[in-house]
Amino acid sequence: MGGDLVVAQSSNPPSLDAMTSSSGASRNITMNVYETLYGFNEKIEPMPILAETVEISDDGLKYRFPLRKGVLFHNGKEMTAKDVKASLERYRKVGATGSLLEPVESIDITGDYEVTLTMKRPTPTFLEAFCSPRAPAVIIPEEDGAAEVNKTSLVGTGPYKIVEFVPDSHVRLERFTDYSQDTRYDGRDGFGGKKTAYLDSATFRIIPEPGAAVAALQAGEIQILDQIPVPAARRLEDNPDIDLYENLQWAFNVFILNTNAPPTDNPKFREAVQVALNMEEIMGISTEGLFNLNPGWVYPGTTYDVGDLASAGYYNQADTARAQALLKEAGYNNEEFTILTDSNIPEHGRSAVVIAEQLKAAGINAVINQVDWPTALKLRMEDTGWNGWTLQMGIEPYLGPVAIMSTLTGKRPHFVKNDEQLDGLYQELITGQTSEERKATFAKMQTRLYETFSIIKVGDSGLMQASRSSVKNFKSFRFPRVYDIWLEN
Amino acid sequence: MGASAEGLDDGLSLRTEMRRARRRRLGQLALRLLNHRSFLIGFVILVFFALVAVFADLIAPYLPNKNNYRDVLTPPSAAFWFGTDAFGRDIASRVIHGTRVSLGIGFYVALLTGIFGTLLGTLACYVRWLDALVMRTLDGLMAFPGVLLAIALASALGPSAINSIIALTVAFMPRTARVVRAAVMVVQGTQYVEAAQAAGAGHGRIIFRYILANALSPVIVQLTYVFAVSVIAEAILSFLGVGPPPPAPSLGNIIADGRTYIQEAWWIAVFPGMAIALVVLGLNLIGDGLRDIIDPRQSSQH
Amino acid sequence: MTLFIVRRLLSAIPVLFVVSLMSFVIMWLVPGDITAVLGGADASPEEIERIREQVGLDRPIYERAIIWYSSLFHGDLGYSYLLDRPVVDAVLERLQVTLSLATLALVIATLVGVLLGVLAAVKHNTWLDQGSMIAALVGLSIPDFWFGIVLIILFGVTLGWLPTGGFVPITEDVLGWARSMTLPALTLAFTQMGVIARMTRSSMLDVLNQDFIRTARAKGMRAHTVVFKHALRNAVVPILTVVGVTTGVLLSGAVVIETVFSLPGVGRLIIGSIQRRDFPIIQGGLLVTASVFVFVNIIVDMLYGFFDPRVRDGR
C-alpha cells in the first residue's frame, strides 16, 4: 500500500488554522490533520476522540474530560491537559464559533491528563454543540495557544500532517508516522474511531473550474473529486475507471425572507411566495436532479423526524391563482422583490433564477441581485435592501434541530426580525431534558415556521462525489477522509 | 458697404459649395468603403447581428429566461435549434437576446470611451496646465493591463451590465484619449487653425469645427476596435462572475453557464461562442476597412 | 543613451503613484470584508466585530491610507493576514507562474506571429497571405477561456498527451514544467499571434515597398537575405510596439488562463484575494502587476532607442 492520492476541490481553504474557519474548503483538509476531544460518529452521536470519556455532574455544571495518554502532536510532543486548556482558551477568543463556549464559566486543569469545564448554568445540549465540526474545537499544542488567527504552526494530532500549502494551488499532507491510533474502536467512525493512514501522502488540489476538474479525473491526474457536476457523473456512470458516490442528505436548500423590509414584512405576502413556489422545479434545476422533496427541517428517518407537518397545503404548491389571491389580500402593489444570491455557490444562483421566474409568473416583481459570497454575507446583515436570500445549509441540518433553530432565533435571526414565539420555543428546545421533549418542541417550532413563512424550506439537496476506481474503501462523509482508504490497480 | 455685402454673398456661396463638396466626399467615401471587400463582409455581419439584436423579441422562438425542468440539456433539435441549457432554457433564444446585451455593452463602451476620450484628450491639449495632470493620470490607468483593471473594478463595483460598461470604459478610455490628444496636437499646429484663430474664431468653434473634425478619423477607427475588444471582455467578466448577472442572457454569461457542461452539452457554449467570434470578426473587418480608407496613414492594406 | 534611460525611469514615478492610488481606491470600493469569509453564513455580529479588530479593519479609511503610503515608502507592501506572509513574498512567489506563462506565450506569439506576418507580406496577395490573415482574425475573435477548455478536453482527456492543469515549478522538474505550461501558453498566445502577425505584415509591406529594398533586389540579392537582413530589421520598431502592448494583454489574459488551468499565478491571487477580501494582497498584487507592465514598456522604449536612434535623440 502507500502511494500518493490527489483530491480535488473547487475552493481555496481560507485558513488551515482549523478553529478559526467555518469554511467547508478548510474543513475538508483540516479534519484529516486535527482532532477534537469529542466528535460525532457516523450516527451523529457524540463520541470521545482525544478524550477518554466525559463525566457530567448530576447538576449538569461540571464536565470532566479525562484525556487519552500517549497521544503525540506532529511536533513529537505528548498531548497533556495544558495543551487542551490552551486550545480551548484560544477557541473562546478566536474560534469562528467561539460562542459555543459561552455557557462555560472556566476551563481548569484537574490532572496531567484531565480537564474540567465548569458551566454557568446547566446546558443539556452543550456536548452536542461542542462536537460541532463547523469550526471544530481542535486540540493544538500549548505553544500555539496565544497565536493570532492564522499564525499557528499548523500542528495537530491527526493521522496526516500538513507539509506544504501553496494557496490557490494545493495543500500537501503526509502520513504522520507516530500517529496514536484510537484502539478503542474497530475502524473509522464519523469524525473519530480507529484511523489508519494507508497512503504515504495526500494532496488537496484546488481546481476552480468544474469542467477542468472533471477532465483531470478522466485523465487520472486526480483520484477523488470532492464534488462532480451531476450531468458529468451521469455521463461517467458506465466508465469502469470511475466510481460515483451519491450522498442524498447533504444540505437543505432554503429561501429566507426578510421579515423587516416591505413587501416581505407582510405575512400574507410571504404566504403568497410560499404557495407560489414549485419546489420540484427549483430543486431539480438547482441540484441538477439530485434531490429529495422534504417540507420538514430534519432528514427523513433521523431522530427528530416527526413525520407529518402542518406543511400540507403549503409545500410545493405551485399555485399561482392562490398566490395571486393572497397578494391581493396583502395589498401588494408591484413593489420590487429583491432576491439576494451569490455566484460562488452555483446552487444559490440557480435557485434564485428559478424562484424569480416562478414569482414573476405569480405577478411578483422579482429582481435578482447576484453578488459574490462575501458581499452577499455583508448585504444580508443589512436590515433592508433585500427580500429573499437563497441559502444552502449544509452543516446545520447535519448537526440537528438546535443548530438550525439557533440561526432562526435570537437578536438577529436569518430572516432579520425575530419571532418571539419561536424564540420562546428555542429556549424550551435547548433546556429540554429528554430527546422526546426536545422532539415535541421541535415539532411545534416547525409548525410555527409554516405560520410565519419567514423561511421557506425548498428541499434536500444531494452531493455527488467521484473517484477513480483504484481508490478503495472511500465513503462519502462531511469531509473526504483520506485515512482508511488505499489505492489498488 | 458694397464690399462687405459682396463678402457676405461670397461667404454664403462658399458655404453651400463646401456643404456640397462634403456631401460629395461622403458619397465617395461610402462608395469606396462598399468596394472594400473586407469592410463589406464585416459590415454585412454586423448589420445582421444588429438586426438580430434589435428584433430579438420577434425572432426568438421562446422567452430567453423561460425555465423548463422537463427539457434540461437537450441537444439541438427542431424544437430547440441550438439545444437547451441546465435550466431547460432555449439556447437559440438566449443567444438572440444575448446578442442584444453584448452588442449593447460593446456599443456603449465604445461610445463612452469616444466621448470621454475625446473630451479628456482635447482638454489636455487645450488647457496647458491640465495636460500634465491628465496625461499622468491616464498613464497611470494605462499602466494596468486593461482587462485586469476592468476585472478589478467590476469586482469592486459589483456585477451588473452598467458596472461592466463603467469598468471597461475606464480601462479602455486612456488609450483613446491619447490618440485624440496626438491627433489634436497635429491639427493644432496646422496653418488653417492658426488662420481661424487669427480671424477671431471662438475656442469652441475652433475645437469643434476644425480640430475635432480632423481628429475624428483615427478615433473612429480606434473605437471600432474598442467595440470588438469590449464584446470579448464582457465574456471574460462573465466568466469570472463579475459580468451582467443572471438570468438576463449575454453572450458571455451563456458561455459561462455552459462551460461546466462542455463535454455533456457542447451546444451551450459553442453557439454563443460562435456568435461572439462572428461579431468580433465583423467589427475587426470594419475597423480594417475604415482604417484603409479614412485613415490611410495607419493602413495595413496595400 | 544613459540620459534617455534615466529620464524614462524618472517618468515612471508619477505613473506608479497613480497606480498605487488606484490600487488603494479599488480595494476601498470592494464591498464586504474578510470577516464574512472567515465567519461564514451564520457568524454573529459580535464574532464579526472581533475579527475586524484583529485585522485592523476597524480603523478609518484615511488611517489605512496613511499606513499604506508610509509603508509603501519603505518598500513594504504590507502583510497578508490570510496568507500569513508579507505581501511582497506572496506576490513574488506567484509572479514566477505568471511570468513563466506570459513569457512563454509572448515567445510563441511573437515567433508564430512574425513568421505568419513575414510569410503573408512576402507572398502578398496570394492564398497564403489571405489564409494567414484570416487565421489571425479568427484567433483575435475567439474568447480565450473557451478555447482553453476545448484544448483541455482535446489534449488532456481525448488524446491524453498533456496535463489538464496545475503547475510544476521549473526548479523541480524542467520537463514537467514545460508540459504543464504548454496548453496554457498556447491558449494565451493564440489571440495575440493574430495581432502580431497583422502588425508584422503591414510594417513589412511598408518596408518592402521602399527604394532601398528594390535596389537590393535589383542588385540580385537573394530573396530571403533581403527579407531577413533588411526588411525585418526595419520593421522591428512597430513590431516592438505591439509586443509591448501585448505584454499587458498577456498579463490580463493570465487571470483567466490561470483560472481555467488552475495555475497559482498573480492573476488568480488577485481574483482570489478580491473574493476572500484580502485587501493588502489586492493592493499589492495590482501594484506589482502594473509595475511589471511599466517596466516592460521602459525596456521596449530602450529597445526602440537601440533600433532607431531618432527616438533617443528626439523629444
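The values are calculated or read from the model by the stated rules, or taken from the named source; none is laboratory data. Bear in mind that the values here come from a model prediction, so they are computed numbers and not experimental data. FYI the Cβ positions are ideal-geometry reconstructions off the backbone, even for glycines, and counts take in every protein chain you see.
Of all positions in segment A:113-122, at least one carries a residue that is within 15 Å of A:Leu50 (Cα to Cα), part of a strand (DSSP E or B), out of contact with any Ser or Thr (no Cβ under 9 Å at 6 or more places or on another chain) and in the same structural domain as A:Tyr34 (by TED's automatic domain parsing). Restricting attention to segment A:351-382, the residues that are within 8 Å of chain C (Cβ to nearest Cβ) and at pLDDT 95 or above total 0. Among the conditions (1) part of a helix (DSSP H, G or I); (2) under 26 Å from C:Val114 (Cβ atoms), the only one that C:Leu162 does not satisfy is (1).
Being in a loop (DSSP other than H, G, I, E, B) and either within 14 Å of chain C (Cβ to nearest Cβ) or surrounded by fewer than 19 Cβ atoms within 10 Å (Cβ to Cβ) (or both) is a property that A:Asn260 has. Criterion first (part of a helix (DSSP H, G or I), more than 11 Å from chain C (Cβ to nearest Cβ) and surrounded by fewer than 24 Cβ atoms within 10 Å (Cβ to Cβ)) does B:Phe227 satisfy it? It is false that B:Phe227 is part of a helix (DSSP H, G or I), more than 11 Å from chain C (Cβ to nearest Cβ) and surrounded by fewer than 24 Cβ atoms within 10 Å (Cβ to Cβ). Restricting attention to segment B:27-77, the residues that are of a type in the set (Phe, Trp, Tyr) and not in a helix (DSSP H, G or I) total 2. Looking at segment A:361-372, which of the residues that are surrounded by fewer than 23 Cβ atoms within 10 Å (Cβ to Cβ) and either among the β-branched types (Val, Ile, Thr) or within 20 Å of the chain's Cα centre (by Cα) (or both) is nearest to A:Glu336 (Cα to Cα)? It comes out as A:Val367. Selection of segment A:429-474 for residues being closer than 25 Å to A:Pro346 by Cβ, of a type outside the set (S, T, N, Q) and within 23 Å of the chain's Cα centre (by Cα) yields A:Ile455, A:Ile456, A:Lys457, A:Val458, A:Gly459, A:Asp460, A:Gly462, A:Leu463, A:Met464, A:Ala466, A:Phe474. What about B:Pro218, is it under 24 Å from the mean Cα position of the chain (by Cα) and more than 14 Å from chain A (Cβ to nearest Cβ)? Against the criterion (under 24 Å from the mean Cα position of the chain (by Cα) and more than 14 Å from chain A (Cβ to nearest Cβ)), B:Pro218 qualifies. Going through (1) within 14 Å of chain C (Cβ to nearest Cβ); (2) touching a residue at least 12 places away in the same chain (Cβ under 8 Å); (3) assigned to a helix (DSSP H, G or I); (4) not β-branched (Val, Ile, Thr) one by one, A:Asn253 falls short only on (3).
Residues in segment B:240-268 that are within 8 Å of another protein chain (Cβ to nearest Cβ), over 24 Å from the mean Cα position of the chain (by Cα) and not basic (Lys, Arg): B:Pro247, B:Thr260, B:Tyr261, B:Ile262, B:Gln263, B:Glu264, B:Ala265.
Per the conditions (1) of a type in the set (Lys, Arg); (2) outside any loop (DSSP other than H, G, I, E, B); (3) within 23 Å of the chain's Cα centre (by Cα), the sole criterion not satisfied by A:Lys195 is (2).
Within segment A:83-94, none of the residues are buried (at least 18 other Cβ atoms within 10 Å of the Cβ) and in a loop (DSSP other than H, G, I, E, B). Only one of the listed residues (A:Glu335, A:Glu271) is among the acidic types (Asp, Glu) and either within 29 Å of the chain's Cα centre (by Cα) or surrounded by 17 or more Cβ atoms within 10 Å (Cβ to Cβ) (or both). That residue is A:Glu271. Among the residues of segment A:462-475, those identified as surrounded by fewer than 18 Cβ atoms within 10 Å (Cβ to Cβ) and either among the acidic types (Asp, Glu) or in a loop (DSSP other than H, G, I, E, B) (or both) are A:Ser469, A:Ser470, A:Asn473, A:Lys475.
Note on segment B:42-64: among residues that are closer than 17 Å to B:Phe271 by Cα and within 14 Å of chain A (Cβ to nearest Cβ), the one that is surrounded by the most Cβ atoms within 10 Å (Cβ to Cβ) is B:Pro64.
Let's see how each residue does on (1) without any contact (Cβ under 8 Å) to a residue 40 or more places away in the chain; (2) over 19 Å from C:Ile108 (Cβ atoms); (3) within 14 Å of chain B (Cβ to nearest Cβ):
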{"residue": "C:Leu162", "(1), (2), (3)": "yes, no, no"}
{"residue": "C:Ala189", "(1), (2), (3)": "no, no, no"}
{"residue": "C:Ala197", "(1), (2), (3)": "no, no, yes"}
{"residue": "C:Asn209", "(1), (2), (3)": "yes, yes, yes"}
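Note on segment B:135-177: residues that are modelled with pLDDT under 85 and either more than 9 Å from every other protein chain (Cβ to nearest Cβ) or touching a His at 6+ places or on another chain (Cβ under 6 Å) (or both) amount to 1.
Just the residues that are under 25 Å from A:Pro401 (Cα atoms) and either in a strand (DSSP E or B) or touching a helix residue (DSSP H, G or I) at 6+ places or on another chain (Cβ under 6 Å) (or both), please, taken from segment A:32-71. Across segment A:32-71, the qualifying residues are A:Thr36, A:Tyr38, A:Gly39, A:Phe40, A:Pro46, A:Met47, A:Pro48, A:Glu55, A:Ile56, A:Lys62, A:Tyr63.
Within segment A:301-315, not a single residue is assigned to a loop (DSSP other than H, G, I, E, B), surrounded by fewer than 17 Cβ atoms within 10 Å (Cβ to Cβ) and within 14 Å of chain B (Cβ to nearest Cβ).
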